[in-house]
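Novice: Attaching a single structure in structure tokens format; questions to follow.
The values are calculated or read from the model by the stated rules, or taken from the named source; none is laboratory data. What you see is a predicted model, and the numbers here were worked out from it, not measured in a lab. Positions of Cβ are generated from backbone atoms using ideal geometry, with glycine treated the same way; all protein chains shown enter the neighbour counts. Keep in mind that these areas ignore ligands, DNA and RNA; they rest on the heavy atoms of the full protein, side chains included. Shrake-Rupley method; radii C 1.70, N 1.55, O 1.52, S 1.80 Å.
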Amino acid sequence: MITKIAPGRIPAPPAPTRPTVTTFRTGPVPSLPKARIPLPPAVSVQCIDTASAPVWVERIFDDSRLIPLVLVSLSPHSGRPLIDPAHLAETLADQAAVVFLADPAASRAMSERMPDHLDTYSGAVRIFVPNACRNDPHYRHPTLLVDPAQPQDAMEKIVRRIHGTAPAYSTTTKLPRPLGLAAGPTRVDADVEKNHLAAENSRLQQSLRRDNQTITQLRREQRRLTKQLRDLQKAADTNSNRALPPLCHADLDEQFRYEVTQIWLWTTSESERAAQPLADYELGPDWLASIDAMDQADRRDIIEATVDVVTRRAAHKPSRDVHSLRTHTAGGAPRRRRADNATAMRCSIKKNTPAAARLMWWVRPDQSLELGRVALHDDYRLR
């Protein structure tokens, strides 16, 4: 004989000798009794966490469970259910037990213990009918996909499935499988699921295209910033290498000689200094003033050219273009000589620049040097 249970009422066990069944409410999940006793309806929604996942898997496949168990999974995007479990439980009342996954860790714990074809994820809702077995076909325990924009549609489908097929429950008799839930999905449901999957696939593809565009833009920006950083580092290194020695002397003559010596030390390796020493040199009457008046070449370039001249290595550098200064520009003009028989020489300070600056000096008969002046390409004045 089947005894019908009024909604919200839990009947007493038919005999004192039968094990007492614990009512499940929100909180820790108790272990299941081994006797084949129908579980009482669960009106309140319950939460599956990592610790209780093994117990809930056991409950799903416990053949003493006589009411459907509705499992609500989490959205992979928000980490929350797409449908309100509490509202669903209130709507179903005593016709089914509603449980939901607490977090992604609980979802993984359930997935590890469930057969692959009965796993529930991505915000879907699965209805586990009574007398469930691990080898049941997936359609015996129907899955309903939830559209985030229309969760009420999924709610109505779940309620129709449960209310349209819910049997009367007995505390003494095992009921047969509900035919409505045991049957495969209807054509309407299959079409709805197909359309939902197609829409989800389209949404994911659009999201993938946007992500790929973002990745492309980020890579382009990374290349731009990397080049900018490399240029800044190169400029910093160049500026560091082009630095002048500090100001150490109030006397301009002494400061210039100090700078020449320091640049020689910076630009000449220790092994080359003996072969390229600084020769004796003097500063001509126009030398320092011509440096101050020169805007087309910076002081560092002038001092480096001076170091090449006084170490006599300028003659071995094609870029310096060392040559004798002539009495005039006509071809075959004699070398310019001073009354003390010193010979005028000229070289480039920096080539391949507009109105390239030149350095002019005298070579005395004793081979000592006198720095004359710096001037532009067309300026040959030297005294």
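Novice: Counting only other residues whose beta carbon sits under 12 Å from that of Cys248, what net charge do I get with K and R as +1, D and E as -1?
Specialist: Result for the neighbourhood of Cys248: -2.
Novice: Tell me the carbon and sulfur percent of the accessible area for the stretch 89-171, rounded to whole percent, probe radius 1.4 Å.
Specialist: C and S atoms contribute 51 percent here.
Novice: Grab the eigenvalues of the alpha-carbon gyration tensor for the stretch 75-135, scale each by 5, take roots, and send me the semi-axes largest first in whole angstrom.
Specialist: Values: eigenvalues 74, 65, 14 Å².
Computed over the stretch 75-135, the values are 19, 18, 8 Å.
Novice: Something else about it: May I ask you to list the aspartates and glutamates whose Cα is less than 19 Å away from that of Lys317, ignoring any residue fewer than eight positions away on the same chain?
Specialist: Of all the aspartates and glutamates, those that pass the test against Lys317 - Cα under 19 Å, at least 8 places apart if same chain - are Glu272, Asp301, Glu304, Asp308.
Novice: Where does the charge balance sit around Met360 when Lys and Arg score +1, Asp and Glu -1, over other residues with C-beta under 11 Å from its C-beta?
Specialist: After counting each charged neighbour, the total is +3.
Novice: Please give the net charge around Arg223, taking every other residue with its beta carbon less than 13 angstrom from that of Arg223, where Lys and Arg add +1 and Asp and Glu add -1.
Specialist: Once all neighbours under 13 Å are counted, the net charge is +3.
Novice: Along the stretch 202-210, what does the Karplus equation 6.51 cos²θ - 1.76 cosθ + 1.60 (θ = phi - 60°) give for ³J(HN,Hα), rounded to whole Hz, x for Gly and Pro?
Specialist: Values, residue by residue: 4, 4, 5, 5, 4, 5, 5, 4, 5 Hz.
Novice: Going from most exposed to least, what order do Asp301, Asp340 have by accessible area with a 1.4 Å probe?
Specialist: On the way: Asp301 15, Asp340 75 Å².
Sorted by accessible area, descending: Asp340, Asp301.
Novice: Would you list Asp366, Asp379 from the most to the least accessible area, probe 1.4 Å?
Specialist: Per-residue accessible area, sorted high to low, gives Asp366, Asp379.
Novice: Sorting Leu371, Leu145 by accessible area (1.4 Å probe), largest first, what list results?
Specialist: The residues order as Leu145, Leu371, largest area first.
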